[in-house]
């Protein structure tokens, strides 16, 4: 077992985020990856990006989002959007085997298949600090 | 596949006298008994799947068979629930087919393979990809597998065809959609490879991250956390994670302090 040394990671609230990004030397983040899909997160994504940044939109939204091109003119952003192209699984499994990725801490709850209704309720309502639930399909 | 009758769903538990080991839940006990007597479900073919029907969640029985020579049948050992499953439940996925088994995050063991499947064999432990792709069309050959032009291409499992919250799942294009799990990797470690971790990995890959960069990740849910790990592998100068929930912000700190190389999940 070994600990991975990570580059510096700072956790911010949405209220702090825009200010923190725009205070950076280049006027914003060099890369923004939008995974939240909330009411205001698309707007936050492009506003927090520096000019000529890459903004990757992974999130699924319930409603169409607004791209105010006149306001954004000259910011020269590159948007990348879409659903995952899942063709890297062999590489990902190797990285897990090497200990470079570990997603097991995401499993906060476990249920047998026979109790999946309970699992759905907890997951849907974000109860009990849930992140991901492992379902044992054998029972 | 069987047509399911509309109406109320009831919960049943097995009793000792029937000798059934499986939990099964169905519509109206009488209908299920009739189907059992008619031989549709048997002890030899005891598969049960999770379906979503108008906000109710039920387990019911269905047969799972090889339909094409490139299919494999996987016995699912561990699976998970994804926020996309909730999107289906709420009717936000127009492509979703009503009545199919949901679930597209799973690992399992290959039980049967069609004649043309070469990359996996019965007995192999595999991660199942959320996506189905042929590997041959223009989009697949360019790595754009999400837009595979095959009728089943893209997100099929647990959306348009039966998925993984079940005992058995039929995986089309098994050579593309199944990945053997290395011996040193557990089912729990591999559980998210086919979907949410693949998503984070792909997002980090396409974002052109350089070591001099500051990266902002908005969202620290499961996908955001996977994205964070994958972005870290690119070694940018700094990463901001923006998250509205104070609980999840605390979780990020906890997540960053784990040691790699072994199970550290909190599963009871």
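No value in this document is a laboratory result; all are computed from the given coordinates. Predicted model, so just to flag it, every value in this text is computed and none were measured. Reconstructed Cβ throughout: ideal geometry from the backbone, glycine too, with neighbour counts over all protein chains shown.
At what distance in angstrom do the alpha carbon centres of the stretch B:78-120 and the stretch B:130-199 lie from each other?
9
How would the stretch A:63-119 be classified by its alpha-carbon gyration tensor: rounded, prolate or oblate, with rounded meaning a/c under 1.5 and the a/b versus b/c comparison settling the rest?
Oblate.
For chain A, max minus min Cα coordinate along each principal axis, in Å, sorted largest first?
Principal-axis extents of chain A (Cα, largest first): 57, 38, 31 Å.
Most fluctuating residue of A:103, A:78, A:41 in a GNM of chain A with Cα springs under 10 Å: which is it?
A:103
If R₀ is 51 angstrom, what is the calculated FRET efficiency for the pair residue A:16 and residue B:97, using the beta carbon separation as r and rounding to 0.05?
0.75
Most fluctuating residue of A:125, A:52, A:19 in a GNM of chain A with Cα springs under 10 Å: which is it?
It is A:125.
Grab the eigenvalues of the alpha-carbon gyration tensor for the stretch A:14-81, scale each by 5, take roots, and send me the semi-axes largest first in whole angstrom.
Each semi-axis is the square root of five times an eigenvalue, giving 18, 14, 11 Å.
Subtract the Cα-Cα distance of residue A:78 and residue A:65 from 0.36 nm times their separation in residues, and report this length gain in nm to one decimal.
3.1 nm
Is the shape of the stretch B:97-152 best called rounded, prolate or oblate, per the rule: a/c under 1.5 gives rounded, else a/b larger than b/c gives prolate, else oblate, with a ≥ b ≥ c the square roots of the Cα gyration tensor eigenvalues?
In terms of gyration-tensor shape, oblate.
Kirkwood hydrodynamic radius (Cα pairs, Å) of the stretch B:64-194?
Over the stretch B:64-194, the inverse of the mean reciprocal pair distance is 14.6 Å.
Of the candidates A:12, A:54, A:32, which one comes out as most mobile in a Gaussian network treatment of chain A with C-alpha springs shorter than 10 Å?
The residue that fluctuates most here is A:12.
Return the average number of partner chain Cβ atoms within 10 angstrom of each residue Cβ along peptide B:186-192.
Per residue, the number of nearby Cβ atoms from other chains is 6 on average.
Along the Cα-to-C-beta direction of residue B:208, a point sits 7 Å from the Cα; which residues of the stretch A:66-102 have their amide N less than 12 Å from that point?
A:76-80, by backbone N distance to the label point.
Which ordering of B:84, A:114, A:23 is given by a fewest-first count of other beta-carbon atoms within 10 Å?
Exposure proxy ranking, most exposed first: A:23, A:114, B:84.
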